[in-house]
Each structure stands twice: as C-alpha cells, then as structure tokens.
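Here's the structure, in structure tokens; my notes come after.
The values are calculated or read from the model by the stated rules, or taken from the named source; none is laboratory data. Note that the structure is a prediction, hence the values are computed from the model and not measured. Neighbour counts run over all protein chains shown; Cβ positions are idealised from the backbone, glycine included. To get the accessible areas, we keep the full protein, side chains included, count just its heavy atoms, and leave off ligands, DNA and RNA. Shrake-Rupley method; radii C 1.70, N 1.55, O 1.52, S 1.80 Å.
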Amino acid sequence: MIIRKTPEQIDQMAAAGAIQARCLKMLRAKCHPGITTAELDEAADRFITAQGATPSFKGYRGFPGSICASPNSMVVHGIPGPYALKRGDVIALDVGVTKDGWVADAAQTVPIGPIKPEARELLDATRGALFAGADQARPGNHLGDVSAAVQRHVEDSGFSIIRSLVGHGIGRDMHEDPQIPNYGEPGRGPKLEPGMVLAIEPMVNAGGPNVRVGDDSWAVYSADGSLAAHFEFTVAVTDNGPRILTPWHEE
Ligand code: MG
C-alpha cells in the first residue's frame, strides 16, 4: 500500500529534506584528497544532530555509519572507514535525515578533482536520469513513467542500469511501498497521486549491469570493477507537479 501524505506532512518532510540537502552541501565542500570517509561520516553526524535531527541510516539493520560513502566501483552502502579520497576518484554520498519522525533520503556522486572524461559522462548521465525520472512524478502518470524515463536516459548514454537495486516510497519509514525500479515501461504500474513521496535513485555502472556484495555484507560493487554512480532525490507528487524535498541541486 502506498501511503499518501497530507500537504502539511509533505512540508514536514521538506524540513527534513532541507537539512539533508545542506548536509550534502557541507560534505561536498569537504571532499578533497586525503579526507577519509570516516571523517565525512563524523562531520555528517555532527551536522545532522546539531539541527535537532537524526541520521536515518545509523543502526538501520545494524548499519554502523551515519552516511553511506561508496568510492569508484562501489555503487552503494559503503561503510565509512579509513579510505582516504584521491584525486580522480568519484565518491557516492548517501545521507538520510529523520526530523520530527519524517525521513528524507538523497545522494550525490562527487568528483574529487579532475576526473576522466568517461567518469564525467557517467556522472552526468546518472544525474540527468534522476532529473528525467523526477520530472515524471506527476499526478496521472504511472510509476512506470518514472522508471522508463530513468532507463531511457541511462541507456541512451551507453551505460548500464543496475536492476537488482531499486528506489522506494518514503515517509515515516525510510523504505515504504512502492519499490521503484530504474527500468520499466511507460504507463505501467501504480498510478501516481498527490501525496505520494518517492525516493528515486538511479544506480548505474559504466560497464556491465551486474553487481556483487563485499565481504562486509553491505558494500555493493560493480561486478566487473567498472566505475559506478548514484544520485537520489526524495520527491513528492503534488497537484503542482514534482516537488523535490531534498533540493541539493539548488545550491
Ligand atoms: Mg534511498
């Protein structure tokens, strides 16, 4: 069942989302060679807590970090630790913020200094796919319109959608119905209605579409070791169209 939120509840989710977006901005500014993902995690935890909110990921199914930090061929769910960023890396930063019982979830993949042209294209394609998908989050459309828009954008760019990882509904719980695949057919799936809130999150490999889970049982890597990217927004379906509740793009 897809839980619809009232306009007032969506405003509360936007308050969580504003903290989330500012946290990502703060982290982006710290993404220089030499900083460790553990240091980014500590900075995020301090920032979120200082806003009277809590990091949603901490303790989720035993996850030890406040953020997920996933460099290079790691797609998602990286546990922060001793890894120090290097020039030419890309690092996916995924942050969840819970404020007054409402969750906002978003991610960005950040380049560390100059990166190779293919890496730049991968980031541009994945970010573009997110915007294309979010633009379909309108009343009267179907969930398949979101999924298909993401897929088309990624595949037109020559990269691979990871099919085993999906986006999700979000609200009082970080993961609600529906699951949101990053591939699909226009006009299929549940009809979108005002009050639905979606965490849309294309996860893309530069090489083949397969992934493997690391020894820590959390980190997900591209199976062929190719570069990966992840961008995510929490988006509300409203009478006025898509409302992005985690507006990191506006900064
Ligand atoms: Mg998510």
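Conditions tested, residue by residue: (1) open to solvent by less than 10 Å² (accessible area, probe 1.4 Å); (2) more than 19 Å from residue 31 (Cα to Cα); (3) within 16 Å of the ligand (Cβ to nearest atom).
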position: 97; (1), (2), (3): yes, yes, yes
position: 100; (1), (2), (3): no, yes, no
position: 106; (1), (2), (3): yes, no, yes
position: 113; (1), (2), (3): no, no, no
position: 118; (1), (2), (3): no, yes, no
position: 123; (1), (2), (3): yes, no, no
position: 136; (1), (2), (3): no, yes, no
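What tally of residues in segment 139-164 results from selecting those that are surrounded by fewer than 18 Cβ atoms within 10 Å (Cβ to Cβ), touching a residue at least 40 places away in the same chain (Cβ under 8 Å) and at negative phi?
So the first thing to find is which residues in segment 139-164 are surrounded by fewer than 18 Cβ atoms within 10 Å (Cβ to Cβ), and the list is 139-140, 152, 155-158, 163-164.
This time we only want the ones that are touching a residue at least 40 places away in the same chain (Cβ under 8 Å), so: 139-140, 163-164.
Checking which are at negative phi leaves us with 139, 163-164.
Number satisfying all stated conditions: 3.
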Within segment 173-202, considering residues that are buried (at least 17 other Cβ atoms within 10 Å of the Cβ) and farther than 18 Å from residue 136 by Cβ, the one nearest to the ligand (Cβ to nearest atom): 174
Near pairs, Cβ below 7 angstrom, 6+ apart or cross-chain, from segment 96-109 (modelled with pLDDT under 95) to any residue that is buried (at least 24 other Cβ atoms within 10 Å of the Cβ) and of a type outside the set (Phe, Trp, Tyr): none
